[in-house]
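What follows is one structure encoded as structure tokens, with my remarks underneath.
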Amino acid sequence: MRILIVEDESINANRLKRLLEELEPDCEILGIIDTVHETVKWLNTNEMPDFITMDIRLADGISFSIFEEAKISCPVIFTTAYDEYAVRAFKVNSIDYLMKPIEKNELQQALNKFKSLSKAKNNTDDIAGILKGFMNKPSFRLRFLVTYRDGYKSVDVADIDFVYSEFKTSHLFLKNETIIPIPQTMEELEEELDPDVFFRANRQFFIRAESIKSIANYFNAKLKIQLRADPEREVIISREKAPFFKQWMDR
């Protein structure tokens with residue numbers, strides 16, 4: 001079992017290496033890499049490992065950008081201290097998403113998934129098809145049930161223009177310019193809203209392509225978004241998220 005570790009914190013990398021060697025004494029750790037740049041370079045100049053363990057936030061950026069610059073044909077186990085990237089992780093070659101600190105039993109379960117995948121691969125050449133069987137394809141929201149007068153009403157997700165957070169409360173801004181507060185947090189909504197439709201621009205906003213009036217360059221490689229329905233609201237996309245936003249828009 002040939003494993004590549006992509007991790008920018010030496011303590012976490014060494015712990016992960018030790019756990020892997022305990023669980024799989026015959027495994028070969030091909031290397032420990034701490035940057036997006038070096039990982040892309042390694043993948044483009046070496047034989048593909050059996051699988052990769054990959055931290056999401058690396059020293060020079062977000063590891064999802066690796067998939068844009070290198071062809072990864074093996075399964076990936078993501079390791080991270082952040083839960084906000086789970087949906088995005090399962091849109092690439094992920095077979096598991098482990099939260100730090102990595103627990104030995106959770107890593108064992110991830111390895112078991114990999115072994116099942118490898119066993120199935122012996123019966124088919126379609127690695128993409130096998131991976132789909134292990135991906136927990138998320139089921140996204142179709143509607144919200146919200147309080148209305150003395151009862152409730154249903155709001156279709158298709159009627160939402162954008163979502164914003166203000167004073168620790170999430171709000172749906174509908175296409176008819178109605179604003180409805182909802183109890184879900186922005187973190188919960190990140191798991192419930194389809195990322196093909198809604199992009200989380202920052203901590204305060206989910207936007208959809210149709211809600212955008214203009215996109216402008218901002219200082220320090222950030223982007224500034226102007227919304228059609230509410231142009232006074234300032235939506236800033238960070239330098240780190242800007243490449244993902246451009247990719248999301250350019251489809």
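Quick notes on this one:
- The range 178-198, residues that are closer than 18 Å to SER211 by Cα and open to solvent by 40 Å² or more (accessible area, probe 1.4 Å): THR178, ILE179, ASP194, ASP196, VAL197
- For the range 155-169, a residue qualifies if it is within 22 Å of the chain's Cα centre (by Cα) and over 21 Å from PRO231 (Cβ atoms), and exactly one does: VAL157.
- Residues that are open to solvent by 10 Å² or more (accessible area, probe 1.4 Å) and at pLDDT below 85 number at least 2 in the following helices (runs of 4 or more DSSP H) confined to the range 32-116: 86-89.
- Positions within the range 197-234 being closer than 24 Å to PHE140 by Cα and of a type in the set (Val, Ile, Thr), in sequence order: VAL197, ILE207, ILE212
- Listed by first and then second residue, the pairs linking a residue in the range 175-204 that is over 24 Å from LYS222 (Cβ atoms) to a residue that is open to solvent by 50 Å² or more (accessible area, probe 1.4 Å) and among the basic types (Lys, Arg), with Cβ atoms under 9 Å apart and 6 or more places separating them unless they lie on different chains, are THR185/LYS168; GLU192/ARG141; ASP194/ARG141.
- A single member of ALA229, ALA216 is at pLDDT 90 or above, over 23 Å from ALA158 (Cα atoms) and open to solvent by 20 Å² or more (accessible area, probe 1.4 Å), and it is ALA216.
- Of everything in the range 1-31 that is touching a residue at least 40 places away in the same chain (Cβ under 8 Å) and part of a loop (DSSP other than H, G, I, E, B), the residue that is most open to solvent (accessible area, probe 1.4 Å) is GLU9.
The values are calculated or read from the model by the stated rules, or taken from the named source; none is laboratory data. Quantities reported herein were computed from a predicted structural model and do not represent experimental measurements. Quick reminder, even Gly has a Cβ in these numbers, built from the backbone with ideal geometry, and neighbours come from all protein chains shown. Side chains included, ligands, DNA and RNA excluded: accessible areas come from the protein's heavy atoms. Shrake-Rupley method; radii C 1.70, N 1.55, O 1.52, S 1.80 Å.
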